[in-house]
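Below is one structure, written out as structure tokens; the observations come after it.
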Amino acid sequence: MGSTPNRYKSGVMPYAQMGYWDPDYDPKETDVIAVFRISPQDGVDPIEAAAAVAGESSTATWTVVWTDRLTACDAYRAKAFRVVPVPGAPGQYFSYIAYDIDLFEEGSIANLTASIIGNVFGFKPLKALRLEDMRIPVAYLKTFQGPPTGIVVERERLDKFGRPLLGATTKPKLGLSSKNYGRVVYEALKGGLDFVKDDENINSQPFMHWRDRFLYCMEAVNKASAATGEVKGHYLNVTAATMEDMYERADFAKQLGSCIVMIDLVIGYTAIQSMAKWARRNDMILHLHRAGHGTYTRQKAHGVSFRVIAKWMRMAGVDHIHAGTVVGKLEGDPNVIKGIYSICRDSFTKQNLEHGVFFDQDWAGLRKLMPVASGGIHAGQMHQLITYLGEDVVLQFGGGTIGHPDGIQAGATANRVALEVMIKARNEGRDIWNEGPQILAEAAKWCSPLRAALDTWKDVTFNYQSTDTADFVPTPTMAEA
Amino acid sequence: MRITQGTFSFLPDLTDTEVSAQIDYALAQGWAIGVEYTDDPHPRNCYWEMWGNPMFDLRDAAGAMTEVHACRKAHPHTYIRVNAFDATRGFETTRLSFIVNRPATEPGFLLKRHEVGGRQIQYTIESYAAQAPEGRRYE
């Protein structure tokens with residue numbers, strides 16, 4: 001159909017007839033494949049809607065243009081090749097679309113996303129559109145740097161093996177002076193945490209300018225390191241208004257001997273890739289806080305799923321990414337979180353529809369991205385956290401450290417003891433899912449900070465239904481607690 | 001002070017039965033056990049002395065415990081750790097590392113502050129014990 005003269009008659013023609021729908025298309029190894037959840041407007045044929053998505057995310061405009069004929073236009077057209085109803089969701093369809101690799105600039109998340117989530121998300125014939133997952137071909141992956149450090153090298157640099165890393169975000173998020181802020185960092189690190197973290201909105205405000213914070217935090221980090229004999233770190237947030245400002249802050253962090261800096265997702269894909277390259281050049285671990293993602297990842301009908309964001313961030317090149325806790329205060333269905341964690345940590349991610357993973361993904365040697373679990377978690381949930389999230393994860397207990405009744409050091413110690421005792425029990429072959437509370441209670445007999453933590457937070461859970469769940473399970477699951 | 005490097009340093013010192021259980025776990029994962037010791041526990045001293053090569057062909061925790069005991073006997077006043085190495089593609093690194101022997105007293109570290117311009121301080125961590133010559137640090 002694409003080559004007949006009628007195809008190029010001036011006027012408007014259904015997208016499906018313009019070459020954007022090809023049910024016989026067999027995707028090439030080198031194709032980028034996207035699966036979208038489409039909700040066509042009433043009366044719009046789902047296949048035409050899928051073809052329209054393919055068209056609008058590749059070469060099409062609303063009307064026929066003769067200038068297509070100056071190009072090998074078939075190759076540049078994305079092809080919708082499969083449209084299936086979403087189980088249990090009337091009016092929604094999964095639409096699989098293949099894109100030739102030459103549609104994209106090498107090593108550029110900005111270019112990839114300008115096509116895939118560009119104009120198409122505002123397209124009127126659709127009520128809603130959600131990018132569920134993508135298969136990135138090895139040939140394209142190899143044009144990305146990936147995480148500057150990765151899980152393996154991060155652990156070797158920190159000399160920390162066999163257990164999740166422990167962190168906390170300094171609280172209150174806003175208002176502390178630099179000197180008071182550094183106090184929290186020192187207490188938490190000396191008490192047993194590996195990392196403390198700036199929050200996403202700590203940049204350089206009137207109550208605390210960035211240079212002052214960096215100076216006090218590095219005093220805290222080094223003092224805690226000397227007190228424990230361990231490598232310690234504080235994620236210095238270098239997020240700022242311009243790249244020049246961010247480079248200046250990151251360079252200062254490096255000059256002060258910090259092993260890690262952080263950025264926020266809201267700085268944008270290009271800035272993230274620039275910082276990834278800076279981090280690789282400067283032997284720095286790069287932490288990413290996913291500030292802002294909930295605006296487009298949480299609702300199932302419209303936006304971009306977080307598993308896609310995680311994939312893009314592994315390609316763009318960050319070392320840490322907040323990826324959900326299952327049991328904490330923030331959104332996170334256990335199955336969906338498992339899928340996201342596998343995208344971060346696997347060498348080869350297997351398709352797993354129950355976890356929301358639509359494709360096999362060969363990571364082609366791209367380094368592994370350490371997921372970070374934070375938000376409303378505490379020592380009493382340690383057995384659940386380890387069961388759900390495994391070992392290669394940073395567990396961040398902000399309130400669960402700083403809010404401890406006996407002080408910040410005690411809070412940190414409670415978390416570290418709970419963690420070590422649970423890993424030890426797991427390795428000994430004990431059933432930590434069922435025996436977890438008992439294992440913690442036994443340790444609390446000799447560790448009074450842990451006892452106080454368990455007493456304080458024993459009844460705290462956040463059992464709300466998740467909104468972002470996998471579609472291939474009969475009912476949405478709820479975090480067990 | 002108590003140096004808290006290693007996977008289990010916040011717990012009471014592991015008994016031999018507990019050490020053996022962790023080695024069993026590591027062997028069950030297909031990891032190779034190595035024993036290392038040092039009298040220079042600086043946090044960035046990543047190369048402790050190897051008590052022989054990692055035991056790639058060993059499948060029995062008792063064999064590894066024999067090496068732990070022999071190392072303790074030869075170097076009773078040093079830090080000794082058990083490492084487990086994973087040769088699986090994508091890891092190829094240490095997967096577990098925990099201390100199984102420490103000196104009777106641990107004097108800890110001095111934080112040296114070298115004040116430079118603009119309120120900046122360059123920090124150096126020095127082990128008090130490592131100020132004595134090698135081999136005489138924890139006598």
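Please treat every number below as a calculation from the coordinates, not as lab data. A quick note: this is a predicted structure, and the numbers were derived from the prediction, not measured. Reconstructed Cβ throughout: ideal geometry from the backbone, glycine too, with neighbour counts over all protein chains shown.
The table below lists the values:
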quantity: ³J(HN,Hα) computed for each position of region A:268-275 - Karplus, 6.51 cos²θ - 1.76 cosθ + 1.60, integer Hz, glycine/proline x; calculated: x, 4, 5, 5, 5, 5, 5, 5
quantity: Estimated dipole of the protein assembly as shown in Debye, rounded to 20 [Cβ of Lys and Arg +1, of Asp and Glu -1, Cα centre]; calculated: 1140
quantity: Rounded to 5, percent antiparallel among DSSP beta bridges of the protein assembly as shown; calculated: 65
quantity: Net charge dipole size for region A:204-307 [Lys, Arg +1 and Asp, Glu -1 on Cβ; Debye, nearest 20]; calculated: 460
quantity: Range of Cα positions in region A:127-245 per principal axis (Å), largest first; calculated: 48, 39, 30
quantity: Lysines whose Cα lies under 18 Å from that of A:LYS338, excluding same-chain neighbours fewer than 8 positions away; calculated: A:LYS300, A:LYS311, A:LYS329, A:LYS350, A:LYS368
quantity: Shielding score for B:7-19, defined as the mean number of other chain Cβ atoms within 10 Å; calculated: 4
quantity: Under 17 Å from A:LYS9, Cα to Cα: lysines that are on another chain or at least 8 residues apart; calculated: none
quantity: Which of A:MET218, B:MET50, A:MET313, A:MET13 has the fewest Cβ neighbours within 10 Å, and the rest in rising order; calculated: B:MET50, A:MET13, A:MET218, A:MET313
quantity: Taking all pairs of distinct alpha-carbon atoms in the protein assembly as shown, Kirkwood radius in angstrom; calculated: 26.2
quantity: Set of aspartates and glutamates with alpha-carbon distance to A:LYS124 below 19 Å, sequence-local pairs under 8 removed; calculated: A:ASP42, A:ASP45, A:GLU48, A:GLU56
quantity: Positive-end residue, chain A charge dipole about Cα centroid, Cβ charges, pick of A:THR469, A:ALA51, A:PRO27; calculated: A:THR469
quantity: Rounded to 10°, Cα long-axis angle of helix A:408-427 versus longest principal axis of chain A; calculated: 70
quantity: Cα lying deepest toward the dipole's positive end in the protein assembly as shown, options A:ALA139, A:GLY324, A:ASN180, charges on Cβ; calculated: A:ASN180
quantity: Residue order, fewest to most beta carbons within 10 Å, for A:ASP133, A:ASP24; calculated: A:ASP24, A:ASP133
quantity: Dipole moment magnitude, nearest 20 debye, region A:271-419 about Cα centre, only Lys, Arg, Asp, Glu C-beta charged; calculated: 400
quantity: Alpha-carbon centroid distance for the pair region A:397-411 / region A:299-359, whole angstrom; calculated: 29
quantity: Which of A:HIS287, A:PHE306, A:VAL266, positive extreme of dipole for region A:245-310 (C-beta unit charges); calculated: A:PHE306
quantity: Filter on A:LYS190/B:LYS73; A:LYS232/A:LYS424; A:LYS173/B:LYS112 - keep pairs with C-alpha separation over 24 Å; calculated: A:LYS190/B:LYS73; A:LYS173/B:LYS112
quantity: Residue of B:PRO54, B:PRO12, B:PRO76 that the Gaussian network model of chain B assigns the largest fluctuation, springs spanning Cα pairs under 10 Å; calculated: B:PRO12
quantity: Span from the region A:269-289 Cα centroid across to the region B:60-139 one, whole angstrom; calculated: 31
quantity: Sum of -39500 (n - 2.57) over DSSP H runs of 4+, divided by residues of chain A (222 nm, nearest 500); calculated: -11000 deg cm²/dmol
quantity: Residue-averaged beta-carbon neighbours from other chains (10 angstrom radius) around A:414-424; calculated: 3
